[in-house]
Amino acid sequence: MVDVKEVWKQKVGGGVQALALSLDGLTIAAASADGALHLLGRNGAIAWSQQLGGPIAAIDTTSAGDFLAAGLRSGTVLLLDRTGKTLWRHEAGSEVQAVSLSRNGKYIIVGTSDGSIQLLNNKGQPVWSRKAKGPVPDVAVSSSANFAAAGSDDGSIYFIDNYSTNMGGKVLWTLPTRGKVRKLRLSTDGFYAVAASSDANIHYLDKLGKLYWSNRVENTPASLAMSASGDYVAIGIEGGAHPGQVSLFQRNEGLVWRNVTGDATVGAIDISANGQFIAAGSQNEEVYLFHRTKKHLWKQAVDGWVDAIAMTADGNYTVAGTRKGALYLFDNRAAVEELKPRTTEEAELEVSLFRPLRTAVPPEPAEEPGEPAEVERTPVVVAAEETTRTALEIIVDLCLGVVLCLLAVVYYFIIIKTINQDLGLILLFLLLIVMAFLLIMFYKYIVRRPKKARGRSFY
């Protein structure tokens, strides 16, 4: 077992229902059952506590922790600054069930009990509103709000494109599921989405609506977390008929492992940005730490059912909140240091906190003594490839030019009656067929080719 230390324990007025951390963990926001929002520092001192006017359904914070969003059961959405000042209030029209704040704090997406999916700007003004056919218990937005997603009780996942519509909120696709969508997460860039439905299935998709996999688990998923790049997904499931469990999934492989934590629901889970560490809390009154490859590392008994948990982006700290109003900070740095990558291959698996690596080049083998360096090999191949492609464009351009000239000549000869009209029409028809073939070649091999692979071209 690795060394994880409890740094402090703090009591708040009511049971802790939701947590939100800045990326560095220096700002900790906690929502309690008595309708209060608390802001703490990493030292455990409460900077302020504020009654928001009713039960809090969800909270979220920006990367730097300078803004806090809260959604109330009464239907109110609030934005507060770090000092606790309420910047604005917005009435969503019905009970707020979920909020998600973009990392830069410019946009907030809201899900409500009447099926409304709303996007607000940082002044509290509505940008757009879309309607699901049932309540919306969870929403997610990418770091810059280019993409958003919502899960509904109508059994559908809604994926919304703001990027190509200038924040127009186009519903790009919907995916029907057999059960109600309970939990939903997006990668920070919005390229990947994962959802958990009440029929005990986990669905993994990309932004084009391609379903990578659906994986059935033993019981209804109770908690869900996704790494920054979307490469790893962690879930906690309900206990009861089946034991409570924590499972880890990988984007391309599906289920990696699962760990039985006891007979109680794992109602809170979070994952570090690179997917290396998973923190979970259960109704066994325990907090757990897992590793991507080492599985279960550590557990600690706490005072009350764990309903909320949050981990810093680097995995160094875990904050847990219990139904008895206890907040805990755990220091994971010894475990992170012990299990950090030690080789080049392991380092390649690490994912950037802000710019996920999707096409990492595999490390080149070490050169043997006396072996000539091969630094220039790749550029030469690329240059030859670009030269060939540019030559293809030139050939297609010339052929199109020749065909156009022949069409003009044949048409001219028909007009001055140098050739028979029937013969001229046949020639025109054949030339048009050749031209169509060249246009298809032009589209397939030039227009559709990614720009970064092209050489210089007239087009």
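Please work out if GLY230 is modelled with pLDDT of 95 or more and assigned to a loop (DSSP other than H, G, I, E, B).
Yes, satisfied.
Would it be correct to say that GLU253 is free of Cβ contacts under 8 Å to residues at least 60 places away in the same chain, of a type in the set (Asp, Glu), within 21 Å of ALA335 (Cα to Cα) and surrounded by fewer than 22 Cβ atoms within 10 Å (Cβ to Cβ)?
Criteria not met by GLU253.
Among (1) closer than 20 Å to ASP270 by Cα; (2) in contact with a Phe, Trp or Tyr (Cβ under 9 Å, 6 or more places away or on another chain), there is one condition LEU37 misses while meeting the rest; what is its number?
All conditions are met except number (1).
How about segment 1-85: which strands (runs of 3 or more DSSP E) wholly inside it have at least 1 residues that are farther than 27 Å from VAL136 by Cα?
Answer list for segment 1-85: 5-11, 27-32, 36-41, 46-51.
Would you please name the residue that is surrounded by the fewest Cβ atoms within 10 Å (Cβ to Cβ), looking only at residues in segment 229-250 that are among the aliphatic types (A, V, I, L, M) and touching a strand residue (DSSP E or B) at 6+ places or on another chain (Cβ under 9 Å)?
Within segment 229-250, the match that is surrounded by the fewest Cβ atoms within 10 Å (Cβ to Cβ) is LEU248.
Take segment 206-221 and flag every residue that is closer than 17 Å to ALA140 by Cα and buried (at least 21 other Cβ atoms within 10 Å of the Cβ).
LYS207 - this is the single residue of segment 206-221 that is closer than 17 Å to ALA140 by Cα and buried (at least 21 other Cβ atoms within 10 Å of the Cβ).
Which of the residues that make up segment 290-316 are surrounded by fewer than 24 Cβ atoms within 10 Å (Cβ to Cβ), closer than 26 Å to LEU39 by Cβ and in contact with a helix residue (DSSP H, G or I) (Cβ under 8 Å, 6 or more places away or on another chain)?
ASP314, ASN316, listed by residue number.
Tell me yes or no: at least one residue of segment 332-339 is within 16 Å of GLY244 (Cβ to Cβ), at pLDDT below 95, more than 22 Å from the chain's Cα centre (by Cα) and in the same structural domain as ASP34 (by TED's automatic domain parsing).
No, there is no match, as no residue in segment 332-339 is within 16 Å of GLY244 (Cβ to Cβ), at pLDDT below 95, more than 22 Å from the chain's Cα centre (by Cα) and in the same structural domain as ASP34 (by TED's automatic domain parsing).
The values are calculated or read from the model by the stated rules, or taken from the named source; none is laboratory data. These numbers come from a predicted model, not from an experiment. Don't worry about glycine lacking a Cβ; one is built from the backbone with ideal geometry, like all the others, and counts go over all protein chains shown.
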